[in-house]
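Enquirer: I have a structure I would like to understand better, so I am pasting it below and will then ask my questions one at a time.
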Amino acid sequence: MIPSNTELAMLTVLILILFWIYLRYKTRIISRYLRPLAIFVIVSVAIAGGGIVSAQVTPNPAPLNNITSLPPITSGDPTPAKPPLLTAVPQPSNLGDFVDDQTALLKLGKALFWDMQLGSDGVQSCASCHFHAGADSRSKNQINPGSGLLESLKDITFQVGSGANYQLTAADFPFHKLADPNDRTSTVISDTNDIASSQGVFNSILKNTVPGQAVDSSTSEPDPDGFQVNGINVRRVAPRNTPTVINAIFNKLQFWDGRAKETFNGVNPKGATDLNAKVYKATKPKELTAVSVSLNNSSIASLVTGPLLSEFETSANGRTLPQVGAKFLRKKGQKIKSLRPLGKQLVDPQDSVLGSDSRSRQPGLKIASYDQLIRKAFKKQWWKSKSIIQVDSKGTPTILAKNDDGNESEEGQTLPANQFSLRDWNFSLFSGLAMQKYISTLVSDKTPFDQFQAGNTNALTAQEKSGLAVFVNNGANDGASCNVCHAIPEFTTASVRRTAGVASTDSTDPLVNSPTNGFFPNFGVTPASNDPGAGKDSTRSVFKAPTLRNIGLTAPYMHNGGMATLEQVVDFYNRGRGDDGGRTAGVLNLTDTQKADLVAFLRNGLTDQRVLLEKAPFDHPQLFIPNGHPGNQSSVTASGNTNGTPTATDQLVEIPAVGRNGVTTPKPNFLGL
């Protein structure tokens, strides 16, 4: 029986009276009998309150089973008839062989991910392309003309906007525009092999990184891929659309083509396929041994090592990860200042990870150097040594023993540009595992769908429930079978859970780039000749099925970024795909109502409000992101650089620091759509 509001009020008053008596007449006798009475009353009120809450939430014992025909059993899916909630975050089983302090590892990872000093230009961070719901909502200078195509088909001519530094508009989408979006055979109004993606660095060649200096020493050279306006270099744009990093920890493989493997070798994205990938381990103070390492469930760590050296994303051409480590980590005895973590950015005192280390109104952390975090996070054998590593002109390393001068490591030496400490050399290992740790916390598991799945039937609106039914049902049951590729609860079949036991490290194995690993061939977005992805040649395009969580916030869509709205995505599948000119692939024949319901479920039912409002763990430091250049595709202003080919003036936009409580007004989506 649930008490009335009047009864609850009376119980509350009784508690207050008993508490006043206790304070007024605090004797042993009264306390002896009054305390249990007060506890009884408090528990009674709590039970009553719980009755009211439970009365408002109707249990839903099998929310999906009532409305769906779920996909068939696949390896690694123990309960296909009732998918579990999104709970188990994949972790490396041998992480303890490398890491001493998980808290320090998390701080290191979040700081590195958002730090603008990581890029060769002192501007580009990992977060520069992942600042909006883990993806990128910029719309100026965000077009790649086709520079990532096979060499024989490489295209550097801009079709969308007719030039670099173009400001996209809603009218530019979809890239494959039909007279009737419901009929794939109708007249094609426009088409392009351009890609909507993310701008990164200017084209340049590295001279060297400079310890303690955020900007690498480099030479600007004419851009070979068309990123110029009137002979002035503009920022380059990556050749594929930027996917979200939120929930990426659940992916077995990373990147659209799966080239970042789930086994981290400590050096690069190639995993176990690179037998030459080795880090160094200090077996004695003066002895370093090259070792192969292998960490499972670590495709994020594999991924991290790629963009840090990408000449499109963060790096001048020719940079190595030991050089990045050298710029961050060399300090003592070298008459230079170390780079303070986030030294160009403010950190909110209420930041959920870094708040206690914030300098508040001053940029950076109280922690003076990344070296301190690495020493605390990782076991000594991976960073403490008196030996140094010298690299010759061919990139071959040689170990040089340091004279014993009483110091615990090599820090007392001034090292030339081709010599590295153990900490420098293993920066790939440190940055990979640290940023993976941070990204593993970016799990959006509190969407309306998750609440519905947990038993709250009121979490989804009637329209969103109808949209969920369309999502999971097959064509015979008025559905679209979306979950065949975007399986619940990860909303992708490319997850660790769904692909357990399936080979993925050997690129010659036919199972690697197939539906068994969540990769689907010839889905008709663009011809294979535009971008084969994991298909390896121009006859077959293969791409990973991405997660759909928070998809309402992560436009533009598809690997080419060619669709700006969920309505355009649904139209594409409803008409039978085939924008590549290939055969039709199952016309869905959804009604306008069904399409609207499906979009409502995707847009609202899969959006975690913490992501929308940047609440912990999705809060972050301040960031300044390039947003194209003043001018347009016809004219830009030179920055006045003196290191080679002129570069355009940057137009930077501030993303303010946000603490754990988030913001009250969400940031606009792509093009405000």
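To keep it simple, each residue is scored yes or no on (1) assigned by TED's automatic domain parsing to the domain that holds ALA503; (2) closer than 30 Å to VAL570 by Cα; (3) surrounded by 22 or more Cβ atoms within 10 Å (Cβ to Cβ); (4) under 16 Å from the mean Cα position of the chain (by Cα).
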site	(1), (2), (3), (4)
ASP180	no, yes, no, no
SER198	no, yes, yes, yes
VAL215	no, no, no, no
GLY231	no, no, no, no
ARG235	no, no, yes, no
VAL245	no, yes, yes, yes
GLY266	no, no, yes, no
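Enquirer: Condition check: closer than 30 Å to PHE618 by Cβ, crowded, with 22+ Cβ neighbours inside 10 Å and not assigned by TED's automatic domain parsing to the domain that holds PRO546. Does ASP194 satisfy that?
Expert: Numbers: closer than 30 Å to PHE618 by Cβ: no; crowded, with 22+ Cβ neighbours inside 10 Å: yes; not assigned by TED's automatic domain parsing to the domain that holds PRO546: yes.
It is false that ASP194 is closer than 30 Å to PHE618 by Cβ, crowded, with 22+ Cβ neighbours inside 10 Å and not assigned by TED's automatic domain parsing to the domain that holds PRO546.
Enquirer: Say whether the condition of being crowded, with 22+ Cβ neighbours inside 10 Å and modelled with pLDDT under 90 is met by at least one residue in region 410-428. Let's see the steps before the verdict.
Expert: First pass over region 410-428, keeping only residues crowded, with 22+ Cβ neighbours inside 10 Å: 410, 420-428.
In the following step, the residues that additionally are modelled with pLDDT under 90 were identified as 410.
Yes, that holds for at least one residue.
Enquirer: Moving on to the next point. Here is a check on your reading of the model: is SER162 of a type outside the set (A, V, I, L, M, F, W, C) and under 25 Å from the mean Cα position of the chain (by Cα)?
Expert: Here the answer is no, as SER162 does not meet what is asked.
Enquirer: So, one more: Hey, could you check region 212-256 for residues that are in contact (Cβ under 8 Å) with a residue 24 or more places away in the chain and of a type in the set (Gly, Ala, Ser) and say which is farthest from ARG497 (Cα to Cα)?
Expert: Step by step, filter region 212-256, then rank; the result is GLY231.
Enquirer: Within region 538-586, can you find the residues that are without any contact (Cβ under 8 Å) to a residue 60 or more places away in the chain and out of contact with any Lys or Arg (no Cβ under 7 Å at 6 or more places or on another chain)?
Expert: THR539, ARG540, SER541, ILE551, GLU567, VAL569, ASP580, GLY581, ARG583
Enquirer: Enumerate the pairs (first residue in region 474-493 and within 16 Å of LEU85 (Cβ to Cβ) and touching a residue at least 60 places away in the same chain (Cβ under 8 Å); second residue anywhere and in a helix (DSSP H, G or I) and of a type outside the set (Phe, Trp, Tyr)) with beta-carbon separation below 6 Å, excluding pairs fewer than 6 apart on the same chain, so at least 6 apart or on different chains.
Expert: So the pair list comes out as ASN483/VAL472.
A quick yes/no check of all residues on (1) hydrophobic (A, V, I, L, M, F, W, C); (2) buried (at least 18 other Cβ atoms within 10 Å of the Cβ):
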| site | (1), (2) |
| --- | --- |
| HIS620 | no, yes |
| ASN641 | no, no |
| ILE655 | yes, yes |
| GLY672 | no, no |
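Enquirer: Would you mind stating whether PHE175 is within 23 Å of GLY524 (Cα to Cα) and aromatic (Phe, Trp, Tyr)? Full working, then the answer.
Expert: On the way: within 23 Å of GLY524 (Cα to Cα): yes; aromatic (Phe, Trp, Tyr): yes.
Yes.
Enquirer: State yes or no: is PHE131 in contact (Cβ under 8 Å) with a residue 24 or more places away in the chain and surrounded by fewer than 24 Cβ atoms within 10 Å (Cβ to Cβ)?
Expert: yes
Enquirer: When you go through SER352, SER356 one by one, which is the residue that is among the hydroxyl-bearing types (Ser, Thr, Tyr), exposed (fewer than 15 other Cβ atoms within 10 Å of the Cβ) and at pLDDT 95 or above? Walk me through it before giving the result.
Expert: Details: SER352 fails: exposed (fewer than 15 other Cβ atoms within 10 Å of the Cβ).
Among SER352, SER356, only SER356 is among the hydroxyl-bearing types (Ser, Thr, Tyr), exposed (fewer than 15 other Cβ atoms within 10 Å of the Cβ) and at pLDDT 95 or above.
Enquirer: Look through ASP478, ASP392, ASP405 and report the one residue that is assigned by TED's automatic domain parsing to the domain that holds GLN594, modelled with pLDDT under 95, more than 23 Å from PHE113 (Cβ to Cβ) and acidic (Asp, Glu).
Expert: ASP478
Enquirer: In region 529-575, how many residues are at pLDDT below 95, assigned to a loop (DSSP other than H, G, I, E, B) and crowded, with 19+ Cβ neighbours inside 10 Å?
Expert: Number of matching residues: 6.
Enquirer: Let me ask you something else. Here is a check on your reading of the model: is ASN317 surrounded by fewer than 20 Cβ atoms within 10 Å (Cβ to Cβ) and touching a residue at least 60 places away in the same chain (Cβ under 8 Å)?
Expert: Here the answer is yes, as ASN317 does meet what is asked.
Enquirer: Check LYS278, LYS270 and return the single one that is of a type in the set (D, E, K, R) and in contact with a strand residue (DSSP E or B) (Cβ under 6 Å, 6 or more places away or on another chain).
Expert: LYS278
Enquirer: Give PHE601, PHE618, PHE624 a once-over and let me know the one that is in a loop (DSSP other than H, G, I, E, B) and either β-branched (Val, Ile, Thr) or at negative phi (or both).
Expert: PHE618
Enquirer: Of the residues LEU275, LEU303, LEU308, only one is more than 28 Å from PRO224 (Cα to Cα) and either touching a residue at least 12 places away in the same chain (Cβ under 8 Å) or assigned by TED's automatic domain parsing to the domain that holds VAL502 (or both); which?
Expert: LEU275
Yes or no, residue by residue, for (1) in a loop (DSSP other than H, G, I, E, B); (2) farther than 24 Å from GLY631 by Cβ; (3) charged (D, E, K, R):
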residue	(1), (2), (3)
VAL210	yes, yes, no
VAL245	yes, yes, no
GLU262	yes, yes, yes
GLY266	yes, yes, no
ALA272	no, yes, no
ASN276	yes, yes, no
THR283	no, yes, no
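Enquirer: Just wondering, is there one or more residues in region 288-299 that are of a type in the set (Val, Ile, Thr), in the same structural domain as GLY432 (by TED's automatic domain parsing), part of a loop (DSSP other than H, G, I, E, B) and crowded, with 24+ Cβ neighbours inside 10 Å?
Expert: So far as region 288-299 goes, no, none of its residues is of a type in the set (Val, Ile, Thr), in the same structural domain as GLY432 (by TED's automatic domain parsing), part of a loop (DSSP other than H, G, I, E, B) and crowded, with 24+ Cβ neighbours inside 10 Å.
The values are calculated or read from the model by the stated rules, or taken from the named source; none is laboratory data. As the structure is a prediction and not an experimental result, all values here were calculated from the model. Neighbour counts run over all protein chains shown; Cβ positions are idealised from the backbone, glycine included.
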